[in-house]
1. With both bridge residues required to lie in segment A:140-189, what share of the DSSP beta bridges run antiparallel, to the nearest 5%?
2. Relative to the compact globular guide of 2.2 N^0.38 Å, what is the alpha carbon radius of gyration of segment B:64-209, as a ratio?
3. Among the listed pairs B:33/B:66; A:109/B:66; A:109/B:220; B:132/B:220; B:33/B:55; A:153/B:55, which have their C-alpha atoms separated by more than 32 angstrom in this model?
4. With a Cα-only, solvent-free Debye model of the protein assembly as shown, what are the log10 I(q)/I(0) values at q = 0.11 Å⁻¹?
5. Give the order of A:94, A:121 when sorted by the count of other beta carbons within 10 angstrom, beginning with the fewest.
6. When the Cα centres of segment A:161-200 and segment B:70-101 are compared, how far apart do they sit, in Å?
7. Which percent, to the nearest 5, of DSSP beta bridges fully inside the protein assembly as shown are antiparallel?
8. Using only Cα atoms, tell me the angle between helix B:225-245 and the longest principal axis of chain B; keep it within 0 to 90° and round to the nearest 10.
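Where a number appears in this text, it was derived from the coordinates with a stated rule and is not lab data. Computed from a prediction, not measured in an experiment: that's the story for all the values here. Here the Cβ positions follow ideal geometry from the backbone for every residue, glycine too, while neighbour counts run over all protein chains shown.
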Amino acid sequence: MLKRRQVFPLIGLAPALLWRRRAQAADPAGFVREVGDQLVGVINGPGSTVDKRGQIRQIIDRFVDVDGIGRFCLGRFWRLATPPQRQDYLALFHQVLVTSISGHLGEYKGVRYTLGRVSPHDDTVWVGTTIFRPNNPQADVQWVIATVDGGQKIEDLVVEGTSLRLTQRSDYAGFLQHNGDNVQALIDAMRRTLAQASQG
Amino acid sequence: MSRWLSPLALPLAISLLALLVTACAPRPPADDKEAVADYRETNDPLEPTNRFFYKTNDQLDAVTLKPAAEAYRYVLPDGARESVHNMLVNLNDPTVFFNDVVEAEPRRAGDTLMRFLINSTLGVGGFFDVAKHWGYPNHDADFGMTLALYGVPPGPYLFLPIIGPSNPRDLAGFGVDIADWPFTWMTNGTTIYALEWAYYGLNAIDVRSRVLDSLDQVQKTALDPYATIRSLYRQRRESQIEAIRNDHRATVPAWFPAPATQTE
């Protein structure tokens, strides 16, 4: 049983904890810096490509609304997919997003970024960054932050004006259009492409 | 030498010819409303022809422009490539200026004029982007964007031989920009003519070298690279046009003494 002496400090701590949550919610730039620093830390840190991908996946699973983006990318075909297909698709989509985001940030050492303007866009907040990668021109990347289940999540990356999730959706729609709207064919193709990408 | 033999006139002529030999994408049945909506949104009625040229261009690129761009990136260090890029951007500034003026964007036109004057002189023929550090940032402008600002819709998607992704509006803009580039009209001497070809050649290598990694990524990871590039092209153009629409900077430069404001 807790004694009064022990409870009081806890009560005192509660507003501080709440305040921290609020502060986090109100600071999308800080949120992007936290995610960005972690990602850049992994890319520039030691370890093999496979190790790094594993670490990047952990960061993405924690800060990115992967399932939401996955459902968006499948568009109207989400409704046509059977529950096991949805499950397979989302599992593969997590890996797709890791490859895609790593691709935009570069997988080679020497990547760095600067934070730019924060601007509200409908019910999301866009945080601007400029990414510098060796051997590549600098790129303007906007991080789209939304509130999902009370917490902040990355909902999209807009690279030089092109939305990652919209592009991915067009890719899948194009594929499905030429494969008889067959979701299973899409899942198989995703699996093949990921296997090839991890070998190359 | 005829001015119509400008290096860019050739791909333009081939593209126009290609448009004459086209096949159409089948329309989905009218009762499948979602498929019809997708078809409209994609707005790519010439898809089979476009896909054919996409494939041809891709094969041609793999043995020409891509290896050239890779070699270029391998031989020249980052800084040197950036200088060549600056020089090419500077040579294109007269076209950007023309479009800024036609778009009735005085602030942007002023930026471009100052950029051209500063970088051509202090920037040693454009190799160094001095103007950027003096508050005159670079921006995009071409006649396709200008037409868009005048309310001309893009029209159906086109993938053209050599030129690549486009649409009727941007293709028309491309033709106009050949004409509004002053160097097009300086084809009286063989040297200038050769320099013009060198400019277009170097420009192609520069543009390709800047997207080497991104295009590789698309080709490696996309399930339908054609559809992915179609989407990327449209989004990029739309964002460039939006950037002009949203440029509400005051026309008065930052160094100009601010007029006294009345306080109550």
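1. Details: 10 of 10 bridges.
Percent antiparallel among DSSP bridges in segment A:140-189 is about 100.
2. Numbers: Rg = 16.2 Å, N = 146, 2.2 N^0.38 = 14.6 Å.
It is 1.11.
3. On the way: B:33/B:66 41 Å; A:109/B:66 24 Å; A:109/B:220 21 Å; B:132/B:220 35 Å; B:33/B:55 30 Å; A:153/B:55 38 Å.
Distance filter (> 32 Å) returns B:33/B:66; B:132/B:220; A:153/B:55.
4. Calculated log10 I(q)/I(0) at the listed q: -1.06.
5. Details: A:94 16, A:121 12.
Ordered by Cβ neighbours within 10 Å, fewest first: A:121, A:94.
6. Going from one Cα centre to the other spans 34 Å.
7. Working: 28 of 29 bridges.
Restricted to the protein assembly as shown, the bridges split so that about 95 percent are antiparallel.
8. 30 degrees
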